[in-house]
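Student: Starting off with a structure, shown below.
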Amino acid sequence: MKSALVLGAGGFIGGHLVKRLKREGFWVRGVDLKFHEYAETEADDFVIGDLRDQAFCRTVIDRRFDEVYQLAADMGGAGYIFTGEHDADIMHNSASINLNVADIAHKRNINRVFYSSSACMYPAYNQENPNDPNCREDSAYPAAPDSEYGWEKLFSERLFLAYNRNHGMANRVARYHNIFGPEGTWDGGKEKAPAAICRKVARATSDDTIEIWGDGLQTRSFLYIDECLEGTLRLTRSTFEGPVNIGSDEMVTINQLVDTVADIAGKTIHKEHIPGPTGVRGRNSENSLIEEKLGWRPSQTLRQGLEQTYSWIETQVRRNTPASV
Ligand code: NAD
Ligand code: GDD
């Protein structure tokens, strides 16, 4: 039986990845600071601990797993990474995890680690035009990410690729573009726009007004979790090391995102645009490279993914609202 190690298995993408690997017949060990908040883990072995601690890392990366996925990070949406308040923690925590994982995997003769970088590593100067952002993989330099989160991602993708060059590893690096779906953070400050908008619409009644950060004309693309996993597994099992975008190229404004969610909910929703952390003005996944190297690109529509996500968040909102309100 093949075995896999999922670091960050108590999180959104890691939790889904464990389920997918179990369906494929893997024996899976999950590792995280915490259990998953919204689902029982399906991992055969789930170890709670801190990957910033080298000694702990050595105890969980203790043999030659067939596949290793490094998803553990200090991360969140715009409300977490763009305020500046968490910069030191984000850089220290995530860099410590990655330094430990890359080195201990190498010393345990693990040949390949999948590393989840982010579109946040792309230079801000290429993302000023909301209608025509440039996120081609080869546009990364001169580097100028707009957040410390993005700088740490850039550093760590270079770290994993340096182990390839100097130690004969075959690490794989993906740059995820805003992944969403059920069982992701939807409240509390770390949630990203799709979950935040679904929550606000679910809590509203028809004809209510919800708050949107910025003028809503900033653009993004959002990738549904199932397609993120498909791209992740295909890259990990391919001969291509990356970095490569794993994202949707269906770019929308945040206002369009709100309108689509409102339509799915069957509610008339008005928007109040308020100041907030907005990040880059425009971002979209550029998918030529993934198609060329892996013969695959995401194809599901945003609406399809939002229907699944809204339904799950609407249930969470109902469960978390006192009956008397
Ligand atoms: P998440 O926050 O849901 O999951 C990350 C998990 O890492 C959390 O469960 C957290 O507890 C765990 N973790 C953090 N510090 C740890 C530590 N010191 N030791 C052990 N575990 C620790 O995030 P996610 O959305 O599942 O993202 C997974 C990865 O993909 C992250 O590296 C993230 O930066 C990257 N990424 C995600 C997106 C996205 O849109 N979700 C976009 C770009 C990149
Ligand atoms: N989170 C959130 N909540 N965003 C909102 C809201 C709200 O209520 N209203 C408007 N927005 C706007 C944000 O201001 C931002 O301009 C846009 O929606 C997208 O916000 P997020 O989804 O939170 O983050 P992001 O796309 O800027 O960055 C995310 O994606 C990266 C990869 O592409 C983050 O999750 C990063 O961690 C990730 O690496």
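Student: Name the pairs: first residue in segment 113-129 and touching a residue at least 60 places away in the same chain (Cβ under 8 Å) and within 10 Å of PRO145 (Cβ to Cβ), second residue more than 9 Å from ligand 2 (Cβ to nearest atom) and part of a helix (DSSP H, G or I), Cβ to Cβ under 7 Å, at least 6 apart or on different chains?
Tutor: Listed pairs, sorted by first residue: TYR122/SER139.
Student: Only residues that are surrounded by fewer than 21 Cβ atoms within 10 Å (Cβ to Cβ) and among the aliphatic types (A, V, I, L, M): list them for segment 270-296, please.
Tutor: The answer is ILE274, LEU289, LEU294.
Here is a yes/no grid of residues against (1) open to solvent by 20 Å² or more (accessible area, probe 1.4 Å); (2) among the aromatic types (Phe, Trp, Tyr); (3) within 12 Å of ligand 1 (Cβ to nearest atom):
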{"site": "SER3", "(1), (2), (3)": "no, no, no"}
{"site": "GLY15", "(1), (2), (3)": "no, no, yes"}
{"site": "TRP27", "(1), (2), (3)": "yes, yes, no"}
{"site": "ASP53", "(1), (2), (3)": "yes, no, yes"}
{"site": "CYS57", "(1), (2), (3)": "no, no, yes"}
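Student: Could you check how many residues of segment 162-187 are more than 11 Å from ligand 2 (Cβ to nearest atom) and either surrounded by fewer than 21 Cβ atoms within 10 Å (Cβ to Cβ) or under 14 Å from ALA105 (Cα atoms) (or both)?
Tutor: Adding up the residues that qualify gives 12.
Student: Does GLY11 meet the test of being surrounded by 24 or more Cβ atoms within 10 Å (Cβ to Cβ) and more than 16 Å from ligand 2 (Cβ to nearest atom)?
Tutor: Taking the combined requirement at face value, the residue does not satisfy it.
Let's see how each residue does on (1) in a loop (DSSP other than H, G, I, E, B); (2) within 10 Å of ligand 1 (Cβ to nearest atom); (3) closer than 13 Å to SER117 by Cα; (4) not assigned by TED's automatic domain parsing to the domain that holds THR309:
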| position | (1), (2), (3), (4) |
| --- | --- |
| PRO142 | yes, no, no, yes |
| PRO145 | yes, no, yes, yes |
| GLU152 | no, yes, yes, yes |
| LEU159 | no, no, yes, yes |
| ALA162 | no, no, no, yes |
| ARG165 | no, no, no, yes |
| MET169 | yes, no, no, yes |
| ARG175 | no, yes, yes, yes |
| GLY188 | yes, no, no, no |
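Student: Cβ contacts < 7 Å: first residue under 16 Å from GLN70 (Cβ atoms), restricted to segment 34-52; second residue of a type in the set (Gly, Ala, Ser), any location; separation 6+ or different chain. Result?
Tutor: ALA43/ALA9; ALA43/GLY30; LEU51/ALA72; ARG52/SER96
Student: Among the candidates VAL252, VAL258, which residue alone is on the phi < 0 side of the Ramachandran plot, within 11 Å of ligand 2 (Cβ to nearest atom) and touching a Ser or Thr at 6+ places or on another chain (Cβ under 7 Å)?
Tutor: Only one candidate qualifies: VAL252.
Student: If ARG23 passes every condition in (1) open to solvent by less than 20 Å² (accessible area, probe 1.4 Å); (2) over 20 Å from the mean Cα position of the chain (by Cα); (3) more than 9 Å from ligand 1 (Cβ to nearest atom) but one, which one does it miss?
Tutor: Only one criterion is unmet by ARG23, namely (1).
Student: Right, here's the next one. Taking segment 293-317, which residues are small (Gly, Ala, Ser), within 19 Å of the chain's Cα centre (by Cα) and over 17 Å from ALA262 (Cβ atoms)?
Tutor: Once the filter is applied, which keeps residues that are small (Gly, Ala, Ser), within 19 Å of the chain's Cα centre (by Cα) and over 17 Å from ALA262 (Cβ atoms), segment 293-317 yields only SER299.
The values are calculated or read from the model by the stated rules, or taken from the named source; none is laboratory data. In this text, all values refer to a predicted model and were calculated from it rather than measured experimentally. Cβ sites come from the backbone with ideal geometry, for glycine too, and all protein chains shown count toward neighbours. To get the accessible areas, we keep the full protein, side chains included, count just its heavy atoms, and leave off ligands, DNA and RNA. Shrake-Rupley method; radii C 1.70, N 1.55, O 1.52, S 1.80 Å.
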